[in-house]
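The values are calculated or read from the model by the stated rules, or taken from the named source; none is laboratory data. Remember, it's a predicted structure, so these values are computed and weren't measured experimentally. Note: ideal-geometry Cβ built from the backbone for every residue, glycine included; neighbour counts use all protein chains shown. SASA here: full protein model, heavy atoms, side chains in, ligands and nucleic acids out. Shrake-Rupley method; radii C 1.70, N 1.55, O 1.52, S 1.80 Å.
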Amino acid sequence: MAAGRADTKEAGTNVVVSAPLTRDAARRFVVAAFDVLLADNAIPTSSGHRRLQAHIDFDARRLEQLPQYSALTHAIGTEFSAAFEPGEDDNRAHQLTISLWIHSFLEHCIYLCSMHATYGGDGGTPYDPHGSPVAEAIDELVSVLAGASYNFVVTRVVSHLTTENSAKIQIGDITIEPDNRMLDARIRRLIPDAEHAWKRRPPRVFRPPNSLLVATATVTSSESHSDRELRTKLDRFVLAICLLTGATVQSTYEVAGASTPITRWPARLSMLIDDKRPSVVRRVVRLTGTEGAAIDALTDLLANTEVKRPGAVKNSLSVAIRKFSQLDTTTDPFDQLVVACPR
């Protein structure tokens, strides 16, 4: 092993990393950071808000002035230089990337300690920098920095869609989970950073029955994450269902982010409708899980009908499809009836 580099080896799907410099520096940083957070009354957290957010719930810039923060930054840059993307040679880019990882790491430490203080039951000291919750967070940090693979997830809540017997089903690469009044918790389990995306207030759209669509792609910490491909896959899936069944399925909002709790890519919330009032037209579809072949064939047919015309921003087909697939995002009830009824 080269001096100053992390000793990394594969163990199944996990990455086992020694990284002595980073592990020691991370522990020392948590000790110093917890002292500051305790003095500022940022911790212990409340049971209703365990996942604090840097720059909002505590002064992250103050923590960045700690010598232990500088030591952790140096250790990460020394042992995990391969975690940086090409083009991040500029020192400022390195510092920004590392700060995102460190802030996410500290947030996860606080969350694990808060959960342990409530449910640990071992009588240990709450928020102990030398305890098992912090050790677990350090393991997660070095694993992600070493390039362990995880899922990039796009979750989308749609209206007027459910399944037979309200069961969770899989169609192709997309998982459909009917609303059981726990969709927020389900999204948080898939994307731990989701709570930061919706700023403690999950969106509320009343267009029942609702379901959660989930699309995933496997990535590593050194890769750029784009949700464009997964979003396109969900767009085509929803459109195919509408065309196939005549249902008024509508995308309401989505959350995209990493399945790992420590990430430099914060989760993102996108609202997909402007009008949150109930629509005039409602036709519900109940999927059984056997529609995969028909949906794939219809999606391929739509893709083959697209005509590229140089100089044209849109063509009549794309305008018609967009109007059809977003029929109840308009506030005009007449438009909803005109677009939906011919189906």
The range 76-215: relative contact order in percent, alpha carbon pairs under 8 Å with at least 6 residues between: 24 percent
Students often check this: by mean Cβ neighbours within 10 Å, which of 39-52, 260-273 ranks highest, and how do the rest follow? 260-273, 39-52
Per residue solvent-accessible surface (Å²) - the range 24-109, probe of 1.4 Å: 48 Å²
Between Ser47 and Ala167, how high is the FRET efficiency from 1/(1 + (r/R0)^6) when r is the Cβ-Cβ distance and R₀ = 30 Å? Nearest 0.05. 0.40
Mean accessible surface per residue for the range 137-239, computed with a 1.4 Å probe while every protein chain stays in place, in Å²: 44 Å²
